[in-house]
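Notes for the one structure printed next.
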Amino acid sequence: MSLITIIGRGHGGTRAMSHTLIASNVFMGEPLNRSGDLLPPQAMYEACRVLARSVTWTGGLTWDFSALHTMPIPDEFTDLVNEYLKKVLAAKDEHKGWKIPETTLVFPWIVRIFPEIKYIHWVRNPRDNILAR
């Protein structure tokens, strides 16, 4: 079994990768919106808020994320992620995963909860849409 997530900015082209995985028989959860995001998102949004409590603002535009790599992960966070991924984690598919931009925000704890996870970090080249109107 492989667990896959797509991380990247919203409106950064992650939809193309989500649709490619679906076409390749990777179960990406259900229901999905047109962008391939797993719905409903509320539990993941709340998980972001839980993680945010452990990030320290150090002034200006600087934040300290270092505690996220070693501190105990709160049960509240794990419960929210499991709630959000309930259908994905219960699926019997050999390859399964999910996409929602907020996964990027909680990635330090996602890789600790799911150490075998495969992730696709999608970075869009800004030159491909610089002339977009």
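The values are calculated or read from the model by the stated rules, or taken from the named source; none is laboratory data. Quantities reported herein were computed from a predicted structural model and do not represent experimental measurements. All Cβ positions, even for glycine, are placed from backbone atoms using ideal geometry, and neighbour counts span all protein chains on display.
Worth a mention:
- Residues that are in contact (Cβ under 8 Å) with a residue 40 or more places away in the chain, within 19 Å of the chain's Cα centre (by Cα), under 13 Å from Leu3 (Cα atoms) and surrounded by 15 or more Cβ atoms within 10 Å (Cβ to Cβ) are absent from the range 41-53.
- Qualifying residue in the range 62-84 (condition: outside any helix (DSSP H, G or I), closer than 21 Å to Gly36 by Cα and either among the small types (Gly, Ala, Ser) or touching a strand residue (DSSP E or B) at 6+ places or on another chain (Cβ under 7 Å) (or both)): no
- Filter result for the condition that a residue is within 18 Å of Phe114 (Cα to Cα) and among the small types (Gly, Ala, Ser), over Gly59, Gly29, Gly36: Gly29
- Out of Val55, Val88, Val81, Val106, sole residue that is touching a Lys or Arg at 6+ places or on another chain (Cβ under 6 Å) and either within 25 Å of Gly12 (Cα to Cα) or among the polar types (S, T, N, Q) (or both): Val88
- Residue list for the range 13-34, filter: in a loop (DSSP other than H, G, I, E, B) and either modelled with pLDDT under 95 or within 28 Å of His69 (Cα to Cα) (or both): Gly13, Met28, Gly29
- Boolean, Trp109 is within 14 Å of Leu3 (Cα to Cα) and either β-branched (Val, Ile, Thr) or at pLDDT 95 or above (or both): no
- Glu76 surrounded by fewer than 16 Cβ atoms within 10 Å (Cβ to Cβ), touching a residue at least 40 places away in the same chain (Cβ under 8 Å) and farther than 23 Å from Asn125 by Cβ: no
- Qualifying position, being of a type outside the set (D, E, K, R), without any contact (Cβ under 8 Å) to a residue 12 or more places away in the chain and surrounded by 12 or more Cβ atoms within 10 Å (Cβ to Cβ), among Val106, Val111, Val88: Val111
- Given (1) at pLDDT 95 or above; (2) surrounded by 11 or more Cβ atoms within 10 Å (Cβ to Cβ); (3) not aromatic (Phe, Trp, Tyr), index of the condition Arg124 fails: (1)
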